[in-house]
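Below is one structure, written out as structure tokens; the observations come after it.
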Amino acid sequence: MAETIKMLINGEWVESSSGEYFDSINPATGEVVARVPRATREDADRGVRAAYEAQKKWRRVPAPHRAEVLFRVARILEQRKEELARKLTQEMGKVIAEARGDLQEAIDMSYFAAGEGRRMHGMTAPVEMPNKFTMSVRDPVGVVAVITPWNFPTAIPSWKMMPALVAGNAVVFKPASDTPLLAYELVRALNDAGAPPGVVNIIYGSGSVVGDALLEHPLVNLVTFTGSSDVGRHVAEVAGRHLKRVSLELGGKNAITIMDDADLDLAVEGVLWSAFGTTGQRCTACSRVIVHEKVKKAFLDRLIPRVEALRLGNGLDPNTDVGPLVNASQLKTVDEYVQIGIKEGAKLLTGGHPVTDGELARGFFYAPTVFETTPDMRIAQEEIFGPVLSVITVKDLDEAIEVNNGVAYGLSSSIYTQDINKAFKAMRDLTTGIVYVNAGTIGAEIHMPFGGTRNTGNGHREAGHTLLDNVTEWKTIYVDFSGRLQKAQIDNPVSTL
Ligand code: UN1
């Protein structure tokens, strides 16, 4: 039964000024899960203005009290976790266990960011002159536009919104059009937790209309975006023209390296989970395996039957291993890449086609696919964001590291080895933002910095001890209590002794 949701602007649940709606679809069944108001540029403007006014007061609420809202939202999400997880699976397709994980990540981030309400440490240092004091404190940036993807409908918005809110910013949130229902639920929880009117606003609609309206709006100070590198480039260009702060979390082409001394059974588990979990739709997903030539055959002999045994289906069924892709256009992109791979001469080992049998024909299912490729083929270089894995053979660790680093992205990488020397060499030389040893490429925890090198972003890290860096500016304060004019760099207190 589809529900009709609303936008939240200035503490009021409202329809779009256009009166138009669009549908959010269950990718496993094609059913409509929500009717969603399609926002206009005017709605975006109203959201930003509401945030602008609300932020003036919110920034003066002491941070420990701002944090109380986040502690409450964490508890609300805990109470609603099972109900929301089911909705998340219905709206986005990921299997129910992973939907619970998505919500758990949002809960963890809410608690973690709330803790900052009693830290948010600044610093102080000696000063050059007597009777003078200096300190540096964090200030909120102001109005934050939060633009998020569909693959983590509650976790990723939480990484962005919770730190922004505890730091005293106000938010205008534009979620992906594939997952507005869960975005609405997250904002509803924030509203129920006592976020004052205007501090959190949500609007739904396309990037080209509502997204651009936020990027161009003079009252938006920071744009924080997670999505594809192509859209990220557009965000950076437009926001850059307006000299806005921009934080970008973009694509990945993450690899698992398997050395000849690796525990192969463990490596196979890591590859299956990282490549086909979330149907490959994570920026941290493993889309390349770099395997030592001595163990390639043994590895593939173990991997391929396991890939073929993965059960596709509706994520609400606890026996399902792999859910659908999120929409028809992702399905098309994945299939196009598979055709590119075949044309390039990659060797198809399994999969390589949409699934159109029985019940599954109603959804956007694609057979888990494994290719053998060379490192330079397009399918081994470009982000596909689906269940497609390239297996690349190398002769030693040096070559593996070169292949791992030889892509335009740099989010996550992994090495399976029992040799401590190889593990440390890999930790030093893999040039990604996240490195795993004897674990797959997914599974980042919210209290460690998250982000990547090269085209994966623009140098920022979310979460971790870095969580306030994106959403605050440093303000340096000098207090002179000498009662006279003191000249920095000129007066020398020693000479007057
Ligand atoms: C993403 O893929 O966009 O490490 C985020 C992970 C999750 C977060 C992924 N905790 O895979």
Inset, instruction - Could you list all residues from the stretch 163-187 that are within 16 Å of L84 (Cβ to Cβ) and either within 16 Å of the ligand (Cβ to nearest atom) or not assigned by TED's automatic domain parsing to the domain that holds L219 (or both)? - result: P175, T179, L182, A183, L186
Inset, instruction - Go through (1) surrounded by fewer than 23 Cβ atoms within 10 Å (Cβ to Cβ); (2) in contact (Cβ under 8 Å) with a residue 40 or more places away in the chain; (3) more than 30 Å from T29 (Cβ to Cβ) one by one and return the number of the condition G345 breaks. - result: (2)
Inset, instruction - State yes or no: is E249 crowded, with 22+ Cβ neighbours inside 10 Å, modelled with pLDDT of 95 or more and within 30 Å of T472 (Cβ to Cβ)? - result: yes
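Give Q381, Q330 a once-over and let me know the one that is within 28 Å of the chain's Cα centre (by Cα), over 28 Å from G30 (Cβ atoms) and surrounded by 15 or more Cβ atoms within 10 Å (Cβ to Cβ).
Numbers: Q330 fails: over 28 Å from G30 (Cβ atoms).
Going through Q381, Q330 in turn, just one is within 28 Å of the chain's Cα centre (by Cα), over 28 Å from G30 (Cβ atoms) and surrounded by 15 or more Cβ atoms within 10 Å (Cβ to Cβ): Q381.
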Legend entry - Residues being outside any helix (DSSP H, G or I), within 17 Å of A176 (Cβ to Cβ) and in contact with a strand residue (DSSP E or B) (Cβ under 8 Å, 6 or more places away or on another chain) - total across the stretch 17-52: 14
Inset, instruction - Pairs only if they're at least six apart or on different chains, beta carbon under 7 angstrom, first in the stretch 147-171 and in contact (Cβ under 8 Å) with a residue 60 or more places away in the chain, second within 11 Å of the ligand (Cβ to nearest atom) and of a type in the set (S, T, Y); list them, first residue then second. - result: T148/T226; P149/T226; N151/T278; I156/T148; I156/T226; K160/T148
Inset, instruction - Would you mention how many residues in the stretch 450-460 are out of contact with any helix residue (DSSP H, G or I) (no Cβ under 7 Å at 6 or more places or on another chain) and within 13 Å of the ligand (Cβ to nearest atom)? - result: 4
Legend entry - Cross-chain or 6+ apart pairs with Cβ under 6 Å, the stretch 411-426 first and of a type in the set (D, E), then modelled with pLDDT of 95 or more: D419/D261
Legend entry - Any hit, the stretch 296-312, residues being in contact with a Lys or Arg (Cβ under 7 Å, 6 or more places away or on another chain) and either surrounded by fewer than 16 Cβ atoms within 10 Å (Cβ to Cβ) or modelled with pLDDT of 95 or more (or both): no
Legend entry - Residue list for the stretch 126-160, restricted to those being β-branched (V, I, T) and either in a loop (DSSP other than H, G, I, E, B) or within 14 Å of E105 (Cβ to Cβ) (or both): V127, V141, T148, T154, I156
Legend entry - Answer residue from the stretch 97-111, given it is within 15 Å of E185 (Cβ to Cβ) and in contact (Cβ under 8 Å) with a residue 60 or more places away in the chain and is farthest from the ligand (Cβ to nearest atom) among those: A99
Inset, instruction - Scan the strands (runs of 3 or more DSSP E) fully inside the stretch 347-440 and keep the ones with 3 or more residues being more than 21 Å from R306 (Cα to Cα). - result: 434-437
Inset, instruction - Please determine, by comparing only the residues of the stretch 216-238 that are over 25 Å from R282 (Cβ atoms) and either assigned by TED's automatic domain parsing to the domain that holds T333 or touching a strand residue (DSSP E or B) at 6+ places or on another chain (Cβ under 8 Å) (or both), which one is farthest from the ligand (Cβ to nearest atom). - result: L219
Legend entry - Filtered residues of the stretch 1-30 (kept if loosely packed, with under 15 Cβ neighbours inside 10 Å, in contact (Cβ under 8 Å) with a residue 40 or more places away in the chain and under 26 Å from D321 (Cα atoms)): G30
Inset, instruction - Could you list, in sequence order, all residues of the stretch 184-224 that are acidic (D, E), surrounded by fewer than 20 Cβ atoms within 10 Å (Cβ to Cβ) and under 24 Å from S110 (Cβ atoms)? - result: D192
Inset, instruction - Could you tell me which of the residues G315, G240 is without any contact (Cβ under 8 Å) to a residue 40 or more places away in the chain and either over 18 Å from the mean Cα position of the chain (by Cα) or surrounded by 23 or more Cβ atoms within 10 Å (Cβ to Cβ) (or both)? - result: G240
Inset, instruction - Test each condition in (1) in contact with a Pro (Cβ under 9 Å, 6 or more places away or on another chain); (2) over 16 Å from F71 (Cβ atoms) for M109 and report the one that comes out false. - result: (2)
Inset, instruction - Filter the stretch 276-308 for residues that are away from the ligand (no atom under 12 Å from the Cβ), touching a residue at least 60 places away in the same chain (Cβ under 8 Å) and aliphatic (A, V, I, L, M) and give the result. - result: V289, I290, V291, L300, L303, I304, V307
Inset, instruction - Show the residue pairs that are 6+ apart or on different chains and have beta-carbon atoms under 7 Å apart, the first residue being within the stretch 320-342 and free of Cβ contacts under 8 Å to residues at least 60 places away in the same chain, the second being crowded, with 20+ Cβ neighbours inside 10 Å and part of a helix (DSSP H, G or I). - result: Y337/I379; I340/I379; G341/I379
Legend entry - Residue check, S158 closer than 24 Å to L222 by Cα, more than 16 Å from the ligand (Cβ to nearest atom) and among the hydroxyl-bearing types (S, T, Y): no
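The values are calculated or read from the model by the stated rules, or taken from the named source; none is laboratory data. These figures come from a predicted structure and were not determined experimentally. For neighbour counting, all protein chains shown are included, and Cβ atoms are generated from backbone atoms with ideal geometry for every residue, glycine included.
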